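The values are calculated or read from the model by the stated rules, or taken from the named source; none is laboratory data. If you're wondering where the values come from, they're calculated on a predicted model, not measured in any experiment. A quick note on method: Cβ atoms are made from the backbone with ideal geometry, for glycine too, and the neighbour counts reach across all protein chains shown.
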Amino acid sequence: MAHDETTAATNAATTEPQPTAPEDLAAAADSLHGMSAANDGAGASGASTPQAGFEAFEEKMLDNNMSELSIQQFHHLYTSWKNGSRTVIPESTITPIKEGEITSVAEEHENLDHDFAMEAFRHTAFLKLNGGLGTSMGLEGPKSLLPVRRHKARQMRFIDIIMGQVIASRIRQDVPLPLVFMNSFRTSGDTLKVMKADQRFRQENVPWEIVQHTEPKIDAATGAPAQFPENHELEWCPPGHGDVFSTIWESHLLDSLQAAGMEYLFISNSDNLGARPSSTLAGAFAKSGAPFMVEVSKKTPSDRKGGQIVRDRKSGQLMLREISQVPESDLSAALNYRHHRYFNTNNIWVRVDALKELLAQHDGVLDLPIIVNHKTVDPSNKNTEKVIQLETAMGAAISLFPNATCIEVNRSRFLPVKTTNDLFVMRSDRFHLTDSFEMEDGNYVFPDVKLDPEHFKNIQDFDDRFPYGVPSIAAANSVTVDGDWYFGRDVSFYGDAHLPDYGHPSYVPNGSFVGPQGIEPDEWI
């Protein structure tokens with residue numbers, strides 16, 4: 001399962017974790033600090049990027065009927081970027097979270113009073129971040145409408161599974177469990193259409209959606225608002241999932257939740273089907289008394305670039321540190337997954353009253369560190385103009401809540417789909433979708449899947465090459481497909497399966513077994 005660089009890390013590797021090899025560490029350092037150097041050069045101090053002034057952006061946002069709060073938020077991000085602000089968090093200023101320092105969900109399950117947990121769950125609402133279009137996989141519509149797998153002959157998309165999880169909990173546990181999607185202007189219509197078509201979904205008093213803000217993309221060459229006459233919509237982007245807080249404030253969602261008797265809000269990504277309803281976690285959060293709680297999970301070697309929840313050495317306050325915030329001299333320690341044991345899953349619990357108070361103090365715009373993303377104005381076309389997108393991370397808000405906490409969860413709570421490599425695993429025979437719409441696997445330790453990006457990155461190309469569904473990976477330790485391969489019916493991978501690149505389209509026949517030597521021959525030896 002692939003790593004999402006702005007949020008969390010990948011799923012576990014299949015082997016027992018081993019120390020990071022020096023050559024891997026060096027490669028990671030070169031990659032990460034090459035990106036950081038590019039980011040640094042994007043600010044006002046970077047001579048290659050002239051600044052056009054905020055007035056041009058404000059005028060563009062006003063012309064497009066953007067709200068005052070959205071303009072204030074972008075002004076905060078723009079000013080930080082223009083001033084060259086970049087949060088650097090040296091290893092000497094923080095201490096990692098150690099094993100035994102935080103409680104685990106398994107421990108809480110054993111010690112929690114069931115009635116107490118259920119009472120907390122009755123006062124919990126769900127918020128799903130659903131603004132993504134899945135452009136990294138060549139999608140044009142909402143990523144949440146991408147089919148994942150079948151359940152009793154029905155094709156199930158992300159949104160179907162999410163709604164199924166919520167409705168099943170409502171029925172089986174007799175809880176209201178309001179469900180709210182934070183959509184973008186590009187995902188709102190399609191999402192609401194699906195929700196309205198589901199006869200089982202009913203919800204009054206709490207809105208079905210809030211719509212996240214948009215901001216102008218910045219032309220990397222001029223520092224002016226990006227222009228793309230071919231499609232003006234591509235001149236805009238979301239401000240990252242840290243925008244959830246200002247969107248919550250502007251929409252008055254917290255007032256609606258309080259009026260409905262909701263005390264706790266669980267926020268997670270719509271492409272993480274592991275972030276399902278949990279009375280145990282609701283009870284653990286209520287019991288903690290903390291205003292803010294982040295679910296973290298143990299790292300493996302493939303997770304070493306994941307965002308870390310660490311403690312400020314002076315104050316003891318928890319904070320989120322992204323790898324891009326690590327000085328080059330500290331990369332060795334930062335990428336050591338045995339030293340930094342936990343990564344941020346981006347599953348967040350927050351008390352409604354505490355969040356309301358904090359947002360009121362900041363007029364709806366929290367002071368979160370900026371993330372500078374370098375992309376092209378048309379993300380599906382690398383030959384279009386280079387742009388800069390300013391974003392923030394939701395998990396970074398942990399540093400703004402005194403007495404915030406975190407809880408260790410297992411890998412079943414972290415099943416993100418960022419690439420077709422991840423989708424390959426989700427559609428495979430490793431999973432069973434239960435009647436409670438939970439993605440069940442034996443141990444949630446999956447093969448490392450690497451499909452040739454030239455031929456499998458785009459969802460249409462991916463589906464074309466697996467017309468009968470993805471092969472079996474029940475016996476696979478890893479799967480590597482180099483080159484252009486098409487797959488027949490009932491194919492099985494085993495061991496460290498590898499298909500080489502022959503320089504032309506190739507075919508895996510029906511019923512074939514694919515292992516370290518490629519396709520197993522169909523004759524006696």
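Things worth noting here:
- When Met156, Met163 are screened for being buried (at least 17 other Cβ atoms within 10 Å of the Cβ), outside any helix (DSSP H, G or I) and either aromatic (Phe, Trp, Tyr) or assigned by TED's automatic domain parsing to the domain that holds Pro238 (or both), only Met156 passes.
- Scanning region 342-385 for residues that are part of a helix (DSSP H, G or I), free of Cβ contacts under 8 Å to residues at least 24 places away in the same chain and farther than 16 Å from Glu250 by Cβ yields a single hit, Glu357.
- Enumerated strands (runs of 3 or more DSSP E) restricted to region 412-525, each holding at least 3 residues that are touching a Ser or Thr at 6+ places or on another chain (Cβ under 8 Å) and not hydroxyl-bearing (Ser, Thr, Tyr): 448-451, 472-481, 492-499
- Sole exception among (1) within 18 Å of the chain's Cα centre (by Cα); (2) under 23 Å from Gly138 (Cα atoms); (3) modelled with pLDDT under 95 for Asp448, by number: (1)
- Remark: pairs (first residue in region 233-262, free of Cβ contacts under 8 Å to residues at least 60 places away in the same chain; second residue part of a loop (DSSP other than H, G, I, E, B) and surrounded by fewer than 21 Cβ atoms within 10 Å (Cβ to Cβ); Cβ separation under 7 Å; 6+ apart in sequence or on different chains) = Ser256/Asn205; Ser256/Val206; Ser256/Pro207; Ala259/Asn205.
- Residue list for region 169-188, filter: in a helix (DSSP H, G or I) and under 22 Å from the mean Cα position of the chain (by Cα): Ser188
- Boolean, Val310 is in the same structural domain as Cys406 (by TED's automatic domain parsing), within 14 Å of the chain's Cα centre (by Cα) and among the β-branched types (Val, Ile, Thr): no
- Pair list, Cβ under 6 Å, 6 or more apart: region 386-405 residue under 18 Å from Val296 (Cβ atoms), other residue of a type in the set (Gly, Ala, Ser) and part of a helix (DSSP H, G or I): Ala393/Gly242; Met394/Gly242; Thr405/Ser288
- Just one of the numbered conditions (1) over 23 Å from the mean Cα position of the chain (by Cα); (2) more than 26 Å from Ser279 (Cα to Cα) is not true of Val194: (1).
- Arg200 meets all of the listed conditions (1) within 14 Å of Phe126 (Cα to Cα); (2) in contact with a helix residue (DSSP H, G or I) (Cβ under 6 Å, 6 or more places away or on another chain); (3) part of a loop (DSSP other than H, G, I, E, B) but one, namely (1).
- Residue in region 353-367 that is out of contact with any Cys (no Cβ under 8 Å at 6 or more places or on another chain), farther than 28 Å from Arg172 by Cα and β-branched (Val, Ile, Thr) present: yes
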